Amino acid sequence: MIADKTTHLRIAIIGAGPAGSMAAGELAQLGHTVRLYDMHRGAWEKPCGGGVTAKALRQYPFLHQVETAYPRQTITEMELVSPRGRSLCLQLETEFVIFARQTLNACLLERACAAGVAFIPERATALAPAGDGWRITTPATTWEADFLVGADGCTSFTRRQVAEKLPDEDQAMCCGYYLPAAGTTRAVIAFPPDFTGYVWAFPRVDHISYGIINACDEYPLTRLWEILDAFVRQHSGTGLPQEKSKYAARVPMLRRESWKTIRNGAKNWALVGDAAGLVDPITGEGIYYALRSAELLAQAFRAGTPELYEQLWRSEFEADLSESSRRLQRFYRGRIFGGPVLERMFQVARFHGGVGEILSQALAGDIDHVTLKPRLVKSLFNPRTWFGAK
């Protein structure tokens with residue numbers, strides 16, 4: 001039945017974040033009956049910078065057209081702070097915007113509902129095989145679907161029903177909070193010493209998102225809050241507010257070997273976004289992969305072969321994300337020429353315009369990890385890029 005291109009399927013999607021809402025809208029436009037389940041009764045916040053890269057903006061131009069209803073903050077500068085406190089300010093050559101996650105979620109959920117998706121604001125409490133499909137149970141309803149999509153995050157309930165869960169070694173902890181602020185177009189990323197991850201300050205329209213990401217089990221959560229609070233005091237120049245809403249969640253940070261064994265699709269189910277592990281291990285960027293994996297799933301359905309999705313996501317993402325995993329520890333904890341890699345990178349970028357330009361492009365999502373090293377080497381041997389010369 002699923003292989004028949006003309007069949008209208010009943011599709012259940014668990015999770016209404018960017019990946020789930022995007023997948024729901026795309027599949028509904030193909031004529032399928034789609035139910036989108038989420039425990040939240042609308043858009044919600046989470047510990048996420050909310051950055052949408054230039055690459056994502058080019059791929060999904062509708063995000064340019066929602067500024068009035070769904071405000072965003074355009075970023076023109078990125079300040080990077082090394083483990084030893086060296087600061088490097090980069091002028092971004094391509095557009096980079098930051099949405100509040102509540103705003104981005106609302107935009108994509110509304111788009112899905114406009115395409116005919118039925119949004120069910122309930123938690124899926126049970127998923128069970130039912131013939132060739134699935135039975136989805138919530139506290140109030142039971143529904144049978146031909147196809148199941150998991151878009152419910154790193155600790156995906158759906159993944160635990162259809163495949164093996166992501167082990168702790170393939171996860172990172174992310175936590176943060178928001179403070180009122182406005183008027184800045186500079187984002188800040190700081191790299192604490194002896195730390196696999198980073199701290200951020202991402203300005204949004206009326207507040208700043210402060211957060212921290214770290215490989216799971218490297219430091220306890222209490223230590224992450226201490227590092228984050230110290231960064232906020234220094235960045236804001238004021239004391240911490242007595243009351244603040246804290247957020248914490250896990251995000252994927254896959255090891256290189258895990259990309260060969262992870263499974264994200266079959267004949268009657270698929271996983272997208274964080275539930276599929278599709279996050280860049282070095283940068284922690286996941287919004288582009290959430291939207292694109294949803295689009296690839298719809299592409300497989302359009303071809304009449306949903307199981308093609310496994311081949312599609314591997315063809316598009318696996319090589320680059322696997323290379324990011326391979327470079328992860330060297331990037332954050334490696335040493336070169338007698339010092340940490342990050343410190344040496346900052347030192348070179350201060351005098352080398354080409355390295356700074358490449359870093360700026362990488363932050364904008366315009367350079368993949370497979371080609372990053374060759375581009376850096378080529379730039380280093382180009383004398384015109386030293387001392388900022390063009």
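The values are calculated or read from the model by the stated rules, or taken from the named source; none is laboratory data. On a predicted model such as this, the values are computed, not experimentally measured, just so you know. All Cβ positions, glycine included, derive from the backbone under ideal geometry; neighbour counts span all protein chains shown.
So that you can scan it fast, the table gives a plain yes or no per residue for (1) at pLDDT below 95; (2) more than 21 Å from Leu90 (Cβ to Cβ); (3) among the hydroxyl-bearing types (Ser, Thr, Tyr):
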| residue | (1), (2), (3) |
| --- | --- |
| Pro167 | no, yes, no |
| Ile189 | yes, no, no |
| Ala215 | no, yes, no |
| Ser236 | yes, yes, yes |
| Lys246 | yes, yes, no |
One residue from Leu27, Leu80, Leu36 being at pLDDT below 95 and of a type in the set (A, V, I, L, M): Leu80
Restricting region 17-40 to residues that are in contact with a Pro (Cβ under 9 Å, 6 or more places away or on another chain) and more than 16 Å from Thr103 (Cβ to Cβ), the residue that is surrounded by the fewest Cβ atoms within 10 Å (Cβ to Cβ): Met39
Conditions (1) in a loop (DSSP other than H, G, I, E, B); (2) more than 15 Å from the chain's Cα centre (by Cα); (3) not basic (Lys, Arg); number of the one not met by Val279: (2)
Residue in region 208-218 that is among the hydrophobic types (A, V, I, L, M, F, W, C), buried (at least 24 other Cβ atoms within 10 Å of the Cβ) and touching a residue at least 40 places away in the same chain (Cβ under 8 Å) present: yes
Residue in region 118-140 that is at negative phi and touching a Cys at 6+ places or on another chain (Cβ under 8 Å) present: yes
Subset tally (residues that are crowded, with 16+ Cβ neighbours inside 10 Å and in a loop (DSSP other than H, G, I, E, B)) for region 133-154: 6
Subset of region 75-125 [assigned to a strand (DSSP E or B), surrounded by fewer than 16 Cβ atoms within 10 Å (Cβ to Cβ) and either in the same structural domain as Ala201 (by TED's automatic domain parsing) or without any contact (Cβ under 8 Å) to a residue 24 or more places away in the chain (or both)]: Thr76, Glu77, Glu79, Ser87, Cys89, Gln91, Glu93, Thr94, Glu95
Top-ranked residue of region 248-302 - restricted to ones that are of a type in the set (Phe, Trp, Tyr) and closer than 26 Å to Asn214 by Cα, ranked as surrounded by the most Cβ atoms within 10 Å (Cβ to Cβ): Tyr289
Meets criteria (over 22 Å from Gly51 (Cβ atoms) and hydroxyl-bearing (Ser, Thr, Tyr)) for Thr74: no
Tally of residues being more than 21 Å from the chain's Cα centre (by Cα) and within 28 Å of Val232 (Cα to Cα) across region 158-182: 4
Region 303-332, subset among the charged types (D, E, K, R) and more than 30 Å from Ile189 (Cα to Cα), residue surrounded by the fewest Cβ atoms within 10 Å (Cβ to Cβ): Glu307
